[in-house]
Amino acid sequence: MARRTDDVLATLGRFSEPALYILISLADGPKHGYAITQDIEAVAGQKLGPGTLYGAIARLEARKWIEPLPVEERRRPYRLTTAGHRVLRHRLQSLQALARVGRARLAEG
Amino acid sequence: MRCDANLLALFPPRWRERYGEEFLATVEDGRLGVRDTIDIMFAASDAWISADVRRATISPAGTDAGGRMSINSLLACRREAAAVTPRDALIGAGVMLAGSLLFKTLAYASRDTLPAATHVLTDLAFLGPFTLSMPFWLMKGQPWKAQAAIVGGTLAILTLIG
């Protein structure tokens, strides 16, 4: 299947999935690194290694989809930017459409 | 802490300045297993070569007054990046070219006797010499232990997955 050109998260390569988890984690408010990994593990059952976490954070920050806040006791929280909100909403809509097709085909089969 | 700081030394100086303190705090919050250690080594290699990561490490967050990080705990593994001269770049390019030729030649020579080795050598023909050339330019001036860990670790992982 051809990759959708409007899936900007896919430009992150192997970091696209961790990046999606991070965007979802930050959707309900700012969090620092460890809180993000804990939240992702609770919500998605995926444990992000610290290297993968910061590889994805750096990429999201470089694209201005998340932004750092001032450090609090050695921990720096991050929050979604407006662009990050837009990217996340778009990606979730794509996944929803894909899931709809998948469910429909399962029902047919 | 010492183990975490040693792992941190694998990353480029700018990355350590920007993310080092919060990265250590994150690592200290959880338990660091073998899988996490390998993950960090991959991330360190990525941090040296990724344009995205370089862009992120020159963002204002690392230098603004409100967000300035305390880097006292990082001083032990902090090293200034050495300037890469045209000569270094040429040596790095030479290592890459010679290495690629060597890998390809070895792959060709082993095609009848050791087909498995041929496959690995062909897969490594670019990434192997690239990794070997890193000490001459990308990692110039870094502690030799960090260089050895990144080069050796990356080559070992590439060979294993090759």
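The values are calculated or read from the model by the stated rules, or taken from the named source; none is laboratory data. What you are looking at is a predicted structure, and each value in this text was computed from that prediction instead of being measured. Note that we place each Cβ from the backbone using ideal geometry, even for glycine, and neighbour counts take in every protein chain shown. These area figures cover heavy atoms from the full protein model, side chains too; ligands, DNA and RNA do not enter into them. Shrake-Rupley method; radii C 1.70, N 1.55, O 1.52, S 1.80 Å.
What does the net charge come to around residue A:21 if you take all other residues with beta carbon closer than 10 Å to its beta carbon, with K and R at +1 and D and E at -1?
Working: positive: none; negative: A:17, A:39, A:41.
It works out to a net charge of -3.
Between residue A:86 and residue B:28, what FRET efficiency follows from the Cβ-Cβ distance if R0 is 35 Å, with the result rounded to 0.05? Please list the in-between numbers first.
Numbers: r = 34 Å, r/R0 = 0.98.
About 0.55, to the nearest 0.05.
Need the list of lysines near residue A:64 for cross-linking: C-alpha distance under 18 angstrom, and skip anything on the same chain fewer than eight residues off.
A:31
Region A:54-84: which GluC sites (Glu not before Pro) are DSSP loop and have at most 10 other beta-carbon atoms within 10 angstrom? Kindly include the intermediate steps, with their values, before the conclusion.
Working: sites: A:61, A:72, A:73; in loops: A:73.
Those satisfying the criteria are A:73.
Ranked by accessible surface with a 1.4 Å probe, highest first, in what order do B:53, B:34, B:120 come?
B:34, B:120, B:53
Give, in nm to one decimal, the length gained when the segment between residue B:126 and residue B:155 is fully stretched (0.36 nm per residue of separation minus the Cα-Cα distance).
Separation in residues times 0.36 nm, less the Cα-Cα distance, equals 9.3 nm.
What is the calculated FRET efficiency for residue A:98 to residue A:64, with r their C-beta to C-beta distance and R₀ = 35 Å, to the nearest 0.05? Walk me through the numbers before you get to the answer.
Numbers: r = 26 Å, r/R0 = 0.76.
Efficiency, from the Cβ-Cβ distance: 0.85.
Between region B:128-152 and region A:12-74, what is the C-alpha centre distance in whole Å?
28
Ignoring everything but the protein chains, give the 1.4 Å probe accessible area of residue B:96 in square angstrom, nearest 10.
Accessible area of residue B:96: about 40 Å².
Against the globular-protein guess of 2.2 N^0.38 Å, express the Cα radius of gyration of the protein assembly as shown as a ratio, rounded to two decimals.
Numbers: Rg = 20.9 Å, N = 271, 2.2 N^0.38 = 18.5 Å.
Rounded to two decimals, the normalised Rg is 1.13.
How many Cβ atoms of partner chains, on average, are near each residue of A:68-77 if near means within 10 Å of its Cβ?
Across A:68-77, the average partner-chain Cβ count within 10 Å equals 6.
Can you put B:136, B:23, B:103 in order of accessible area, largest first, using a 1.4 Å probe?
On the way: B:136 85, B:23 0, B:103 30 Å².
From most exposed to least exposed: B:136, B:103, B:23.
Given a Förster distance of 25 angstrom, what is the FRET efficiency for residue B:38 paired with residue A:106, based on the Cβ-Cβ distance and rounded to 0.05?
Details: r = 37 Å, r/R0 = 1.47.
So the FRET efficiency works out to roughly 0.10.
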